[in-house]
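First up is the structure itself, then whatever we jot down about it.
Where a number appears in this text, it was derived from the coordinates with a stated rule and is not lab data. Computed from a prediction, not measured in an experiment: that's the story for all the values here. Don't worry about glycine lacking a Cβ; one is built from the backbone with ideal geometry, like all the others, and counts go over all protein chains shown.
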2 protein chains.
Amino acid sequence: MIPDTLAFGEQVSSLPLMPTPAHISQGEGQLKIDSSFTIGLEGYKDARLEFARKRFLKALSGQTGIPYHEEVSSGTPTLAVKTSAGSKEVQTVGEDESYHLEVTSKSATISAPTSLGAMHGLETFLQLVIITPNGFAAPAVTIDDAPRFSWRGLMIDAGRHFQPMDVIKRNLDGMEAVKLNVFHWHLSEDQGFRAESKAFPFLTGKGSNGDYYTQNQMKEIVEYARDRGIRVVPEFDMPCHTTAWFVGYSDLASGKGPYEIQTRWGVFDPAMDPSRESTFDFIDKFIGEMTTIFPDEYFHVGGDECNGKEWDANPQIKSFMQAHQLKDNAALQSYFSGRVQKIVAAHHRIMVGWDEVLQPNTPKDVVIQSWRGPKGLAASARQGNRTILSNGYYIDLNQSAEEHYLTDPLGGDAAKLSDEEKKRVMGGEATMWSEFTTSEIIDSRIWPRTAAIAERLWSPQDVRDVESMYIRMYAVSNKLEAYGLTHQTVTPLMLKRMGGENDPKDLAVLASIVQPPRGYDRESLKEYDWHSPLNHLVDAVPPESETARQFNVLVKAIVGGNASQAQWQTAKQWLTEWRDNDAKLEPALKKSDITAELAPVSQTLSQVSTIGLRALDDLQNHHAAEASATQSDLQKLKAAEKPQAVLRDMIVTPIEELVQAAGKK
Amino acid sequence: MIPDTLAFGEQVSSLPLMPTPAHISQGEGQLKIDSSFTIGLEGYKDARLEFARKRFLKALSGQTGIPYHEEVSSGTPTLAVKTSAGSKEVQTVGEDESYHLEVTSKSATISAPTSLGAMHGLETFLQLVIITPNGFAAPAVTIDDAPRFSWRGLMIDAGRHFQPMDVIKRNLDGMEAVKLNVFHWHLSEDQGFRAESKAFPFLTGKGSNGDYYTQNQMKEIVEYARDRGIRVVPEFDMPCHTTAWFVGYSDLASGKGPYEIQTRWGVFDPAMDPSRESTFDFIDKFIGEMTTIFPDEYFHVGGDECNGKEWDANPQIKSFMQAHQLKDNAALQSYFSGRVQKIVAAHHRIMVGWDEVLQPNTPKDVVIQSWRGPKGLAASARQGNRTILSNGYYIDLNQSAEEHYLTDPLGGDAAKLSDEEKKRVMGGEATMWSEFTTSEIIDSRIWPRTAAIAERLWSPQDVRDVESMYIRMYAVSNKLEAYGLTHQTVTPLMLKRMGGENDPKDLAVLASIVQPPRGYDRESLKEYDWHSPLNHLVDAVPPESETARQFNVLVKAIVGGNASQAQWQTAKQWLTEWRDNDAKLEPALKKSDITAELAPVSQTLSQVSTIGLRALDDLQNHHAAEASATQSDLQKLKAAEKPQAVLRDMIVTPIEELVQAAGKK
């Protein structure tokens, strides 16, 4: 479905690496990767590096189809990995992750001060491997690399839609491939409590539908992540987003109860009761238990989106606020956060919270995760608190990779920070909220766009070439399949299922140019809850249409007057295919209720393509269109801009550009 | 890649079930499968059925994209499963596997005397679910079903290419879906010993490359299979195919050694030494250990393909034969088998062996697995031994599903057996030998063709409609994806990798009409060993081209004079696409050494399609071709019949038919 991004003859001088290394210089020739390839560990060795070696061979097999076996081979290895020391038993923020990679036409070497760097070097090597007329090979290159930010994360929300163990594991594999080093695990939500507590068994017993992680499973994930140089930061959101806690433990709540798990999406009223000591006793015991599972130095307690309604309605809380001179709900939440911070600290952890946690008196070691905007990030840093950016990295909102990519933790308001303040910006996190993400499609929501965010967080600030980013992102995307991710394979399987057809070619054409609605639009178009099947075209297609993006590039070239003959031809060919698609697709759509809703979308595609072809012809023949025709076309296109069947047709805007250009005298 | 098999307007009255149930009658209306669907267990309950219930919901989610959660719901379930009793702790041959399934427009019921039948009923229900204009639904139906044969197996060779745990597990899932009930695990080969022995640690320690199953893993598989109503029969092949045993324990061998694991394919000389008591002591201890892991009543000891060279060369063995009046190597092997049979029996197991094991004095309880031909099967049954058919079910040989499907355990020589003798034919097994099968592509070698074999072994003998079989097989093939099998997704991923392209459309066109060579031809075309990458087009394409098969059907209709307008048109459209493909594909092929070899294959496709188009035109215009032109075309086609780059172009034969038809006056 994704056209070859090199199809227009661009010369890609850059290598297919993502994130781009800090320093790179290309050499002469290439190292052949055939069945004689071997890898050897030198210097510091441990079980983790040995395991990394085996995973490397498995990934290399996956990328080449050449069978590499696990056994250690004797003799000089093709790739020597020289490590000076292990990383800490519990990985900490800011450990040395640097490595040096040298590839010649004869052999390759990775040197790294720690095993973290060595593992990053292995991933870079895997990305270098390409197919050539002489077989698989890695080009000769010298790389000196280290990350720009020490906190490079992916958050997965396992609360709204539970994500099974294998989903978490393969996404950790994907994170390793692009050098992300923090897995932020959102474990409790209004819709479900997902972490087993032995002290409070009703948290999952009553606060989930049976889908949760056992303590052993969570330990397994911590171990699995550690093996890949990834820290695990658990999040238990409080005092709000807490309905699931209250189903089994209603005494924690500010309202009367009884409570039931929420099955819809949105912001709900239930909130913990900060006026009772028993609330903090519970939290203390619970956090104490969780720290035996999660050894990381940081512990996330959420803190977002309190609407205060339960507090307002509870007279006891009202009098508590008066007694403690807490003038409003913000002050009450601040009091709550302060108490929780002390509990977290007593358990030898550093507290992390969302924007709302930051108050003038917030202790300086609290880390603020900024989701509301760049101002919050800058404010934290100015106030002396370290901070992580997530605003701009909300991968659930179906924005383009470009938009995420160009969001810089030190851009916007943060650009004006002092050097001292800038140091408090630890990095960022892509956040995968799961209202519209089942375990079936989550990979396609996370990848490949998260690779672009990973580059932003790792590579030098001035690496910002968007076209290069897209080419490299899709190259890496293909390689991620070798890690078992399903972001590419899921679309054709779902298209088959939607229509009950073996080869839904025409449906695939339609699928290639539509996108899910962006931001929070989807819920406004239709009602959803956690029983809603996410099996429609909107769920099957990737968040960003690469065909549409390339069509935009084509149109820019055509309108700009610098399109090649091949680009004119491709534009015409695509528009013709899109125009003719509805006639072929229409009879099949009726056979399934899932595809039936697509009839207007398919018709629109045909109509806008017809308009596009007309404009293209005019442009090619240097024939200026009549103003009235232009106007009428633009009106039709305007109508087509609206989402249909919760889908956005992504070629309308570039066709508008064509029509406008064709209308210019 | 697979055209919709319903494209030519066939009316499929049969339901998408495979295997076809013994008795089926369709009712009125359909049961809607939406998010309100629930399932409940009644009568006998145990952990296995509860687990089956959860797996059913997961599979149903996978098939529909509707999220079903594990929790038990209150109220009357949509699907009630009524089970009378559990199956035996260790499942035995011939347990009752029957079930009754009733679906109305309001609800559904499965009733079964045992949990085995209940699980089969669940799989049938899953297959009934289709997409309709009113959403997912199961048609109203009454089914009474039970298997024709009690032994319905799949053998996987983990010796030549090791197959990791996840591969075994997902194939067990696939087996369950088509009601196969025996997993025959080929665990030792010349190329590797794959089962951990604590008594003899060098079996894997020296006799493998580190790829083997630990005892816990094997127990895990036994448990996993049992949960799915599948017995696990381990095979340790002896006295030949035993090189791997001898690397660590050369005293077992008839030759002098030292031995090394074989890395090539074929029949090798090493054989166990039947002249030494120590050999049988070893086997006794080893089998004793393995029976603690594999509880099944049957134990497979191989016995195939001894070339006798090591025996001939060993004077000690020669004098042993003389002393025991063993006149030739067959007699020596017979002596060996007899001793082994006693050991197996002493460990309370029934011995299974390949054809060669059968001798006039073979004990009657030994089961013969027939791989050499129908004669062997019939001979066993006549001699009083029970037997299993595998000849005709060698899925590694890239035969068509049709050929496997029409092979009947009671066909050929066995058709002439008496009723008493016929009862000794227990069933059959698909055998997945792994010379040319890595863990990456094994699913595509096994599925979907094994579903056709499963139908042969389950359904009534007179269920033999090949067109219906293909339609249902591809329907089930799509559903198998919901079990995590990768037989469909692997091809596009490999095509991408082969050429380094994001959307290798033109390569996919070529891929759609080629097939791997059949039988044992491949090795004669090129040399292979276990280091050979299986990453070429021959490995990426399915063993049977569905496009080519459908083209054959088209051509038959055209030549037979009963083709519809649509069929004429499709034939012309396909031939045109194939003719024009080379011009588009040719430049891309040069970029990769894996695709470079395809240039002649692509050219041939273009050439034969040109010939086909000419013949098609002549036929359509009722213009009889010149005899000399016909002759020259046929000659060119003859040349194109030969495999190229180890691939067979599957449209040459039907084009020959077109040319011949066009040449008739």
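Between A:Ala624 and B:Glu305, the simple spin-label model (points 7 angstrom out along Cα→Cβ) gives 8.0 nm. Across the options A:Asn502, A:Pro448, A:Val538, the greatest Cα extent toward the positive end of the charge dipole of the range A:444-546 (unit charges at beta carbon of Lys, Arg, Asp, Glu) belongs to A:Pro448.
At R0 = 51 Å, how high is the FRET efficiency between A:Tyr44 and B:Asp166 if r is their beta carbon distance? Nearest 0.05 is fine. For R0 = 51 Å, the calculated efficiency reads 0.95. For B:Gly266, the point set 7 Å out from Cα toward Cβ sits 7.4 nm from its twins in the other copies, listed from shortest up. At the listed q of 0.12, 0.22 Å⁻¹, the Debye profile of the range A:181-311, built from one uniform point per Cα, gives log10 I(q)/I(0) equal to -0.44, -1.35. Listed by chain and number, the lysines placed with their C-alpha closer than 16 angstrom to that of B:Lys416 are B:Lys375; residues fewer than eight positions away on the same chain are left out. Would you mind working out the magnitude of the charge dipole of the range A:305-461 relative to its Cα centre, with +1 at each Lys and Arg C-beta and -1 at each Asp and Glu C-beta, to the nearest 20 Debye? Roughly 720 debye, rounded to the nearest 20.
Placing dummy labels 7 Å off each Cα toward the beta-carbon, the span from B:Lys572 to B:Asn361 is 7.4 nm. The local environment of B:Ser111, defined by Cβ-Cβ distances under 12 Å, has a net charge of -3 under the rule Lys, Arg +1 and Asp, Glu -1.
Taking the empirical scaling 2.2 N^0.38 Å for compact globular proteins as reference, the range B:424-555 has a Cα radius of gyration ratio of 1.15. For the range B:190-256, applying the loop criterion from DSSP together with a ceiling of 14 other beta carbons within 10 Å to the trypsin sites (Lys or Arg not before Pro) yields B:Lys198, B:Lys256.
With each label modelled as a point 7 angstrom along the Cα→C-beta vector, the A:Ala22-A:Arg276 pair spans 5.2 nm. Placing a label point 7 Å from Cα along the Cα-to-Cβ direction at B:Gly29 gives distances to the equivalent points in the other copies of 7.7 nm, listed shortest first.
For the range B:266-317, rounded, prolate or oblate, judged on the Cα gyration tensor with a ≥ b ≥ c (square roots of eigenvalues), a/c < 1.5 rounded, else prolate if a/b > b/c? Oblate. If a spin label sat at a point 7 angstrom from the Cα of A:Glu523 along the line to its beta carbon, the backbone N atoms of the range A:399-422 nearer than 18 Å would be those of A:399. Taking the square roots of 5 times each eigenvalue of the Cα gyration tensor of the protein assembly as shown, largest first, gives ellipsoid semi-axes of 51, 40, 34 Å. Specify which residue in the list A:Gly427, A:Leu60, A:Phe193 is farthest towards the positive end of the charge dipole of chain A, using unit charges on the beta carbon of Lys, Arg (+1) and Asp, Glu (-1), about the Cα centre. Of A:Gly427, A:Leu60, A:Phe193, it is A:Gly427. The per residue volume of the convex hull around the alpha-carbon atoms of the range A:503-616 is 122 Å³.
Applying 1/(1 + (r/R0)^6) with R0 = 51 Å to the Cβ-Cβ distance of A:Asp251 and B:Asn216, what FRET efficiency is obtained, to the nearest 0.05? Once rounded, the FRET efficiency stands at 0.70.
Each Cα pair under 8 Å and six or more residues apart adds its sequence gap; the mean of these over the residue count of chain A is a relative contact order of 12 percent.
Length gained on full extension, A:Thr292 to A:Ser468, computed as 0.36 nm times the residue gap minus the Cα-Cα distance: 58.9 nm.
Over chain B, the Kirkwood radius and the radius of gyration, each from Cα atoms, give a ratio Rg/Rh of 0.99. DSSP beta bridges confined to the protein assembly as shown are antiparallel in about 40 percent of cases.
Loop-located trypsin sites (Lys or Arg not before Pro) in the range A:257-354 (DSSP state other than H, G, I, E, B) with a sparse environment of at most 12 neighbouring Cβ atoms within 10 Å: A:Lys327.
Here the range A:256-321 and the range B:616-665 have alpha carbon centers that stand 77 Å from each other. For a Förster distance of 60 Å, can you work out the FRET efficiency between the beta-carbons of B:Glu223 and A:Gln565, rounded to the nearest 0.05? In this case the efficiency is close to 0.40. Projecting the Cα atoms of B:His300, B:Pro315, B:Phe286 onto the charge dipole of the range B:281-324, computed from C-beta unit charges around the Cα centre, puts B:Pro315 farthest toward the positive end. Nearest-to-axis residue in chain B, judged by Cβ distance to the rotation axis that brings B onto A and given in whole Å, is B:Thr489, 2.
Separation of the range B:70-127 from the range A:39-61 is 47 Å, based on Cα centroids.
Candidate membrane-span-like segments in chain A, meaning DSSP H helices with Cα atoms spread over at least 15 Å of their own axis and a Kyte-Doolittle mean of -1.0 or above, are A:47-64, A:115-128, A:165-177, A:277-291, A:329-346, A:466-480, A:546-559, A:599-620, A:627-640, A:652-663, with no membrane implied. Checking every one of the GluC sites (Glu not before Pro) in the range B:87-137 against DSSP loop status and a limit of 12 other Cβ atoms within 10 Å picks out B:Glu89.
The dipole here belongs to the range A:248-394: it is taken about the Cα centre, uses +1 on the Cβ of Lys and Arg and -1 on the Cβ of Asp and Glu, and is about 460 debye.
Think of each Lys and Arg Cβ as +1 and each Asp and Glu Cβ as -1; about the Cα centre, that makes the dipole of the protein assembly as shown roughly 40 debye.
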